[in-house]
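First the structure, in the form of structure tokens, and then the observations on it.
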Amino acid sequence: MLSIILAAGWPIWPLVASSVVALAIVIERYLSLTDAKIAPSGLAKAVIASLQDGLPAQDAIAQLERNSLLGMVLASALRLRSVHPLAPDADVRAALHLAGRLAVQTLEMRLTALATIASAAPLMGLLGTVVGLIEIFGAQTPGAVASNPAQLAQGISIALYNTAFGLIVAIPALVFWRYFRARADAYLLHLESAADELLRRLRAMEAA
């Protein structure tokens, strides 16, 4: 592999750096976008069921906030209603909306960078191809009887290696970006559903 990278010339080094960054993002997102960290199973139902005994204490709300991303969203409404029992429904909804925006940023963290790598890698490979073609045409010495075979082979290798490596980086990056994007959207839908259910519960408590 090292010999291929060295044979591909300097244009391949940005692709190598991009592949390392993409791999780091994939590993980080894979470890971060999990049920335990985003939306533990049964957490929303447990929180809503606990409201039958009234609003939880501040310590319980703080613990819920640290539990997961879903806990952070639910805790935002519970804390507001606990501190201000007469807070209007619009304020509770605003608190949930703000927490939801923070949740979206967390879910989509680094996905833009991964999408950028997926889009830019083929272009960087194309740059290497152009550089290789320049090497090929540079081997064609005007007035010479024959071309320089070594320089011609080097130009062809630079062109082909960079094109292939650009696709090797771009295709997995695009696949993982779509995968993580789908997971983030699914989690966001779950968070929105849980927030709406909590808001309805708080309304029922206020009306009672």
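Where a number appears in this text, it was derived from the coordinates with a stated rule and is not lab data. Predicted, not measured: the structure shown is a model, and the values here were computed from it. No Cβ is skipped: glycine too gets one built from the backbone with ideal geometry, and neighbour counts run over all protein chains shown.
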inquiry  = What FRET efficiency comes out for His190 versus Leu126 if R0 is 30 angstrom and r is the Cβ-Cβ distance? Round to the nearest 0.05.
reply    = 0.15
request  = Work out from phi, with θ = phi - 60° and the Karplus expression 6.51 cos²θ - 1.76 cosθ + 1.60, the ³J(HN,Hα) of each residue of the stretch 124-133, listed in order in whole Hz, and give x for Gly and Pro.
outcome  = 5, x, 5, 4, x, 5, 4, 4, x, 5
request  = Lys and Arg at +1, Asp and Glu at -1: add these up for the other residues within a Cβ distance under 13 Å of Met72 and post the number.
outcome  = +3
remark   = Once amide hydrogens are built 1.01 Å from N within the peptide plane, the residues lying 5 or more places from Leu55 or on another chain with amide H under 5 Å from its amide H are none
key: Using θ = phi - 60° and Karplus 6.51 cos²θ - 1.76 cosθ + 1.60, couplings along the stretch 23-39 (whole Hz; Gly, Pro as x)   = 5, 5, 5, 4, 5, 5, 5, 5, 7, 8, 8, 10, 4, 5, 8, 9, 8
ask   = To the nearest 500 deg cm²/dmol, what mean residue ellipticity at 222 nm is calculated for the chain from DSSP H runs of n ≥ 4 alone, each contributing -39,500 (n - 2.57), summed and divided by the residues?
value = -28000 deg cm²/dmol
request  = Give the label of the value calculated from the structure for Kirkwood radius over Cα pairs in Å, choosing from (1) 16.4; (2) 16.9; (3) 20.7.
outcome  = (3)
remark   = Mean Cβ-within-10 Å packing, highest first, puts peptides 49-62, 12-25, 31-44 in the order 12-25, 31-44, 49-62
